[in-house]
1. In nm, to one decimal, how far is the Ser44 label point from the Lys250 one, both placed 7 Å along Cα→Cβ?
2. Along the Cα→Cβ direction, 7 angstrom out, place labels at Ser61 and Thr80. What is the inter-label distance in nm?
3. In what sequence, largest accessible area first, do Ile118, Ile199 appear using a 1.4 Å probe?
4. Using the per-residue mean of other Cβ atoms lying within 10 Å as a proxy for protection, in what order, highest first, do the peptides 48-58, 238-248, 106-116 fall?
5. Quick one: how many lysine pairs does the chain have with C-alpha atoms less than 16 Å apart and a gap of 8 or more or different chains? Give me the count, please.
6. Given a 1.4 Å probe and the protein chains all in place, what does the accessible area of Arg225 round to, in Å² to the nearest 10?
7. Please say if segment 129-192 is rounded, prolate or oblate, where rounded means a/c under 1.5 for a ≥ b ≥ c the square roots of the C-alpha gyration tensor eigenvalues, and otherwise the choice is prolate for a/b larger than b/c and oblate otherwise?
8. Label the chain by shape, choosing from rounded, prolate and oblate, from the square roots a ≥ b ≥ c of the eigenvalues of the Cα gyration tensor; if a/c is under 1.5 it is rounded, and otherwise prolate applies when a/b is larger than b/c, oblate when it is not.
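The values are calculated or read from the model by the stated rules, or taken from the named source; none is laboratory data. Keep in mind the model is a prediction, meaning the values are calculated, not measured. Positions of Cβ are generated from backbone atoms using ideal geometry, with glycine treated the same way; all protein chains shown enter the neighbour counts. Just the protein is used for accessible areas: all its heavy atoms, side chains included, with ligands, DNA and RNA removed. Shrake-Rupley method; radii C 1.70, N 1.55, O 1.52, S 1.80 Å.
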Amino acid sequence: MTDLRSIMVKKISSSPAIAQLQGNSLANLVQVEIERMILDGELSSGSKLTEATLAEQLGVSRGPVREAFRMLEEAGLVRTEKNRGVFVRDVPIEEALEIFELRAVLDLHVGRKLAEGISTAEVRELRQLTDAMDQAVKADNAHDYHRFNLKFHDRLLELAGNTKLTSTYRKLVNELSLFRRQNLTNESMTVYSREHRLIVKTIAAGEPEAAGQAMYQHVMNSRERTLRNYEAKQADALKAAVLTAGNAVKSNATVEA
């Protein structure tokens, strides 16, 4: 087991999360790395996960991968289908919209609580994260923006100091990972960054109601953008289907003529 763990850590040592968890079980290491691959979009929504393939890729046996699948299912990132295997979850739009609403309510509480008491050093830390996101926007780097955005919201949760809320919220964030990545255009990242700065400003000013509303509206704006993107893609898919059908009819008519 020690040898396998050494191989695993060496193969994926570039992951900061893995480096922090070297003392944990091999299954935990595998779980963290597969989770990173899902959240970064390397493993797309709906794709099938194969024990043997991932075990070979990560340099471990299939046992830790199997255990990692179980933990990922509990976290809401994968689903197991009988006689078919394990798949990255594909969250329906209706469920995603409900999750956004629940997140908004939780963020309302977090914003209020943080504005009631936060240190200067903690505000400085949040501002550093917003600065990092601003730099990602300027570079049109959606990958870095997504990474710092997750860290920003996760840090807000940690500062709120409610362990149960944090674990629940993280699960919701994971389930929305696909939709959130799709929302990251340069235009939307610019808007999100402006909203992040408002959140930090109201928290630092000690304005509980304003901070809570800023965080609530930030999530609800994401919900609205997600719905618009989904409806636009559905409309595009319908147009493509109609065009394909029309071309097929023309083709058949030409052959018959």
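1. Going by the 7 Å Cα→Cβ label model, 2.8 nm.
2. Spacing of the two 7 Å Cα→Cβ label points: 1.9 nm.
3. Working: Ile118 40, Ile199 0 Å².
Sorted descending by solvent-accessible area, the residues read Ile118, Ile199.
4. Values: 48-58: 15.6, 238-248: 10.0, 106-116: 21.4.
Highest mean packing first, the order is 106-116, 48-58, 238-248.
5. Values: Lys48/Lys82; Lys113/Lys164; Lys113/Lys201; Lys151/Lys171.
Number of lysine pairs found: 4.
6. Surface accessible to solvent at Arg225 totals approximately 40 Å².
7. Values: a/c = 3.13, a/b = 1.65, b/c = 1.90.
Oblate shape, in that a/c is at least 1.5 and b/c is the bigger or equal ratio.
8. oblate
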